[in-house]
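The structure appears below as structure tokens.
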Amino acid sequence: MCLSTSTMPFLWCLCALVLLSLAVLLWTSRRTSLEPPYLPSLPVIGSLLSLMGPHPPHVLFKELQAKYGATYSLKLGSHKVIMVNHHTHAKEVLLKKGKVFAGRPRMVTTDVLTRNGKDIAFGDYSATWRFHRRIVHGALCMFGEGSTSLENIICAEAQSLCTLLSETSAVGLSLDLSPELTRAVTNVICTLCFHSSYSRGDPEFEAMLHYSQGIVDTVAKDSLVDIFPWLQMFPNKDLRLLKHCVSIRDQLLQKKYDEHKRDYSDHVQRDLVDALLRAKRNAENNTAELSLGPGGLSDDHLLMTVGDIFGAGVETTTTVLKWAVAYLIHHPQVQKRIQEELDQKVGLERAPQLMDRGSLPYLEATIREVLRIRPVAPLFIPHVALSDTSIGDFSVMKGTRVVINLWSLHHDPKEWPNPDSFEPARFLNSDASGLSIPSPSYLPFGAGLRVCLGEALAKMELFLFLSTVLQRFTLAVRPGDPLPNLEGKFGVVLQPAKYFVSALPRPCWDRQKSLN
Ligand code: PLO
């Protein structure tokens, strides 16, 4: 066959076009089918051998970036997990593709804690979950931020903490602050949820301290039984402890819940449980809401959610306060600067209030730095991809677990100069008159659909407790005592080891009191 010279250019164009489309096709298919680098993995045990070593998981996962890059995958038993260590991919998961990654994995320990995921934090994404979260959000807004009664409750608890510190310092004692901080924070949550509170030595409170620690020690910390569910068949000390602690917690919650149901009235809303009960009843009367799926919003759901609010409200805020005190003891110059700011802006005549927040930037910067350097939940709770999707150039299959390593985000040396050193001033603006967030690699409360519901409440508490105590006391260890250990014990929350504090009344405060 002979081709005329006039058809040649046309054919060349056609060939070029075909080649170009092939290249584009090849490139895009390569792009979306690219898998994140894999840690070595063996049948049954998955990547477990690569995860053994002296470091806690969040630190190990951060270090593995050097070899595998910021986003890599591994296998925990039969589960494929993608580990995300950089803020761009973290935000893609939490914000840009928040809905696709809104799932939660079923785990043996969290199923025990939450009656198979009937709560909000560990519950999987569904219409019931969305409705449930919406009513809890509404109820928290009603009783949460901006509520003067809540501010009064926190201030009263902070004052009673100061009274205890005065008593112990008067007899030269140093003190493990943990139970007292827990009681103060518990009372805030108790008032919010149940309009009740605990006094020192209350046996119910002691029981709560005990069961809650048992739960923190055993739940959702990548324990073997969560990785290999079949291990439940064998005797397991941790699982037994968890079940025991959960049953005590459930009795306590059930008692409060039953009392509320008995005394419920449509006309008064005393607390969060009343608000939740009302929302549940409204939903039951509203046929549209009944399409929520099997069971709708059951009593179990409400009970488990109150358990979440209670557990999260107490364990997280107490832990941050303990970290804050530990770091303040290590950095007396930071404490001094907060106290100077308090003396200047609040004075000694009155206790600090929420309205002082804007005029105490250094204290607020210190709180931000504590939340950066020791994030409460360094690996958050794992997410699950609800459909085939991608993270950056990597393809992600439906059902893959995604873990955001907040520890890596908060200790990224490219984002935070000297990431391991405690420097509150990094959160101040250039003339130190206000606050700033110097890096996008900062998500202490998470982001997106599953952002922490208690963020506003936590911030109120951290501010009021720390300002009230530091206005009156300088915190230190007794001469010769060790400084608090800053390493932390990994679990569903990263807790500091126990330490003892001595609270020295500030001379200016004492002088002021003797004048009054
Ligand atoms: C803390 C111990 C309690 O007894 C039960 C409980 C409930 C909710 C959990 C909380 C614990 C730990 C912190 C969690 C919270 C839900 C959201 C929060 C995991 C286990 C965080 C940091 O994500």
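Within segment 245-262, restricting attention to residues that are farther than 17 Å from residue 203 by Cβ and either more than 14 Å from the ligand (Cβ to nearest atom) or of a type in the set (Phe, Trp, Tyr) (or both), the residue that is surrounded by the most Cβ atoms within 10 Å (Cβ to Cβ) is 260.
Does residue 182 count as surrounded by 20 or more Cβ atoms within 10 Å (Cβ to Cβ) and either modelled with pLDDT of 90 or more or within 15 Å of the ligand (Cβ to nearest atom) (or both)? Judged against the criteria, residue 182 is a match. State yes or no: is residue 502 in a loop (DSSP other than H, G, I, E, B), more than 17 Å from residue 185 (Cβ to Cβ) and of a type outside the set (Val, Ile, Thr)? For residue 502, the condition - in a loop (DSSP other than H, G, I, E, B), more than 17 Å from residue 185 (Cβ to Cβ) and of a type outside the set (Val, Ile, Thr) - is not met.
Going by the conditions given, is residue 308 in contact (Cβ under 8 Å) with a residue 40 or more places away in the chain, within 16 Å of the ligand (Cβ to nearest atom) and surrounded by fewer than 19 Cβ atoms within 10 Å (Cβ to Cβ)? Show your work before the answer.
On the way: in contact (Cβ under 8 Å) with a residue 40 or more places away in the chain: yes; within 16 Å of the ligand (Cβ to nearest atom): yes; surrounded by fewer than 19 Cβ atoms within 10 Å (Cβ to Cβ): no.
In short, no.
Scanning segment 228-259 for residues that are aliphatic (A, V, I, L, M) and either farther than 18 Å from residue 194 by Cα or in contact with a strand residue (DSSP E or B) (Cβ under 8 Å, 6 or more places away or on another chain) (or both) gives 231, 233, 239, 241, 242, 246. Taking the numbered list (1) open to solvent by less than 10 Å² (accessible area, probe 1.4 Å); (2) more than 16 Å from the ligand (Cβ to nearest atom) in turn, residue 395 passes all entries but (1). All conditions but one from (1) hydrophobic (A, V, I, L, M, F, W, C); (2) in contact (Cβ under 8 Å) with a residue 60 or more places away in the chain; (3) surrounded by 20 or more Cβ atoms within 10 Å (Cβ to Cβ) apply to residue 346; the one that does not is (3). When we screen 457, 483, 443 for residues that are in contact (Cβ under 8 Å) with a residue 40 or more places away in the chain, crowded, with 19+ Cβ neighbours inside 10 Å and under 26 Å from residue 180 (Cα atoms), the only hit is 457. Out of curiosity, is residue 218 within 16 Å of the ligand (Cβ to nearest atom), touching a residue at least 12 places away in the same chain (Cβ under 8 Å) and in contact with an Asp or Glu (Cβ under 6 Å, 6 or more places away or on another chain)? Answer is yes for this residue. Taking the criterion of being within 22 Å of residue 457 (Cα to Cα) and not in a helix (DSSP H, G or I), the residues of segment 347-359 that qualify are 351, 352, 353. A single member of 241, 192, 272 is within 14 Å of the ligand (Cβ to nearest atom) and within 24 Å of the chain's Cα centre (by Cα), and it is 241.
When you scan segment 45-159 for helices (runs of 4 or more DSSP H) that lie fully inside it, which ones turn up with 2 or more residues that are surrounded by 21 or more Cβ atoms within 10 Å (Cβ to Cβ) and within 20 Å of the chain's Cα centre (by Cα)? First the steps, then the outcome.
Numbers: elements: 57-63, 65-68, 87-91, 108-114, 127-143.
Ranges flagged: 57-63, 87-91, 108-114, 127-143.
One residue stands out among those in segment 467-516 that are among the β-branched types (Val, Ile, Thr) and within 16 Å of the ligand (Cβ to nearest atom): the one that is modelled with the highest pLDDT, which is 493. Taken over segment 185-208, the criterion of being in a helix (DSSP H, G or I) and open to solvent by less than 20 Å² (accessible area, probe 1.4 Å) is satisfied by 185, 186, 187, 188, 189, 190, 192, 193, 194, 205, 208. If you filter segment 315-353 down to residues that are in contact with a Cys (Cβ under 9 Å, 6 or more places away or on another chain) and of a type outside the set (S, T, N, Q), you find that the one that is nearest to the ligand (Cβ to nearest atom) is 352. With respect to residue 433, determine if the residue is within 22 Å of residue 317 (Cα to Cα) and either among the charged types (D, E, K, R) or touching a residue at least 40 places away in the same chain (Cβ under 8 Å) (or both). Answer is no for this residue.
The values are calculated or read from the model by the stated rules, or taken from the named source; none is laboratory data. No experiment lies behind these values; they were computed from the predicted model shown. All Cβ positions, glycine included, derive from the backbone under ideal geometry; neighbour counts span all protein chains shown. Keep in mind that these areas ignore ligands, DNA and RNA; they rest on the heavy atoms of the full protein, side chains included. Shrake-Rupley method; radii C 1.70, N 1.55, O 1.52, S 1.80 Å.
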